[in-house]
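> Handing you this structure, nothing more for now.
The values are calculated or read from the model by the stated rules, or taken from the named source; none is laboratory data. Predicted, not measured: the structure shown is a model, and the values here were computed from it. All Cβ positions, even for glycine, are placed from backbone atoms using ideal geometry, and neighbour counts span all protein chains on display.
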Amino acid sequence: MSTKILIIGACGQIGTELTHSLREIHGTENVIASDIRKLNIDVVNSGPFEVINALDFNQIEHLVEVHQITDVYLMAALLSATAEKNPAFAWDLNMNSLFHVLNLAKAGKIKKIFWPSSIAVFGPTTPKENTQQYTIMEPSTVYGISKQAGERWCEYYHNIFGVDVRSIRYPGLISWSSPPGGGTTDYAVDIYHKALADQSYECFLSSETKMPMMYMDDAIAATIKIMQAPAEQIKIHSSYNLAAMSFTPTEIAAEIKKHIPEFEITYKPDFRQKIADSWPASIDDSNARADWGWKHKFDLESMTIDMLKNLTTINE
Ligand code: AKB
């Protein structure tokens, strides 16, 4: 049976680029994009698209049956900053959408699931530097609590029901083609837009807040690689630590200044500072590298060159 994919949350920051890449690999007709609304015209017009509510089990089951779906990528979620403003809905969306796809796999209706976790599973009591795969995990955000609980459920469904679910703890993701939505790491995307438009940026985090980050190209490559890996290479069924680079607002601003000398950054920390302070500064991802051959390509320097080049081109 050939691979037939359903992406739930295809119009979001990761979903947009994932849809594009999976369509290139598996063929446009074999990748059904879906979201709560037609939020991204490129995703909607570039292949099959369905409007779907990730909280409605019957809708998901219907799509799975009609399109004979084998693999589901569940990208719908409320991120850290937005989740703090609406905790009850964040918990509902982040947990129940996961239960829906896990239960479809348990019932044998789909074969494989990708579900994203996050560095938000760690908390203020976690060692901050080189944070290990297995360490103290006491998340203090609604988003982090939902991701940690989700990881436990993924492992449980694998161990008890044999569900093939694969997951990555994404760091902050940076992309030029799709805007982020409601995260604490979003400043690292906004800063490039503002640097080009205004040559200045007011950062909502303090100057020395160091966080783990990754360019979207690497995040998509990792997502595809973990899903293509033979099942026996996947040894962690909760979620894998994943890393590429770590930097502070001061460091990213200095890198941008190399290309835009007049660029200036100022700081006005808001409620997101507390969230950022509760997360690791750097991540040890040796399990992902050893088990399924993860390797990143982009560092702060190469990412900055690529971001500025692409943003300049689309603004022309
Ligand atoms: C966020 O900032 O909420 C996300 C994440 C680290 O999961 N980018």
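> With the requirement that a residue be modelled with pLDDT under 95 and closer than 18 Å to residue 59 by Cα, what does region 12-41 give you?
Correct list: 37, 38.
> What pairs can you find where one residue is in region 130-145 and closer than 14 Å to residue 284 by Cα, the other is in a helix (DSSP H, G or I) and within 16 Å of the ligand (Cβ to nearest atom), and their Cβ atoms are less than 8 Å apart, with a gap of 6+ or different chains?
Short answer, once both residue conditions are applied: 131/119.
Listed here are the residues, each with its yes/no results for (1) within 16 Å of the ligand (Cβ to nearest atom); (2) touching a strand residue (DSSP E or B) at 6+ places or on another chain (Cβ under 7 Å).
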residue	(1), (2)
142	yes, no
148	yes, no
165	no, yes
170	yes, yes
188	yes, yes
222	yes, yes
227	no, yes
234	no, yes
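> Give all pairs with beta carbons closer than 6 Å in which a residue from region 30-54 that is in the same structural domain as residue 75 (by TED's automatic domain parsing) and buried (at least 17 other Cβ atoms within 10 Å of the Cβ) meets a residue that is modelled with pLDDT of 95 or more and basic (Lys, Arg); count only pairs at least 6 apart in sequence or on separate chains.
Close Cβ pairs (under 6 Å, with a partner that is modelled with pLDDT of 95 or more and basic (Lys, Arg)) amount to 30/4; 31/23; 47/23.
> Taking region 103-131 as the search range and keeping residues that are of a type outside the set (A, V, I, L, M, F, W, C) and in a strand (DSSP E or B), which one is surrounded by the fewest Cβ atoms within 10 Å (Cβ to Cβ)?
112
> Turning to a different aspect of this structure: Hey, residue 82 hits all of (1) within 16 Å of the ligand (Cβ to nearest atom); (2) in contact with a Ser or Thr (Cβ under 6 Å, 6 or more places away or on another chain); (3) polar (S, T, N, Q) but one; which does it fall short on?
So residue 82 meets the others, but not (2).
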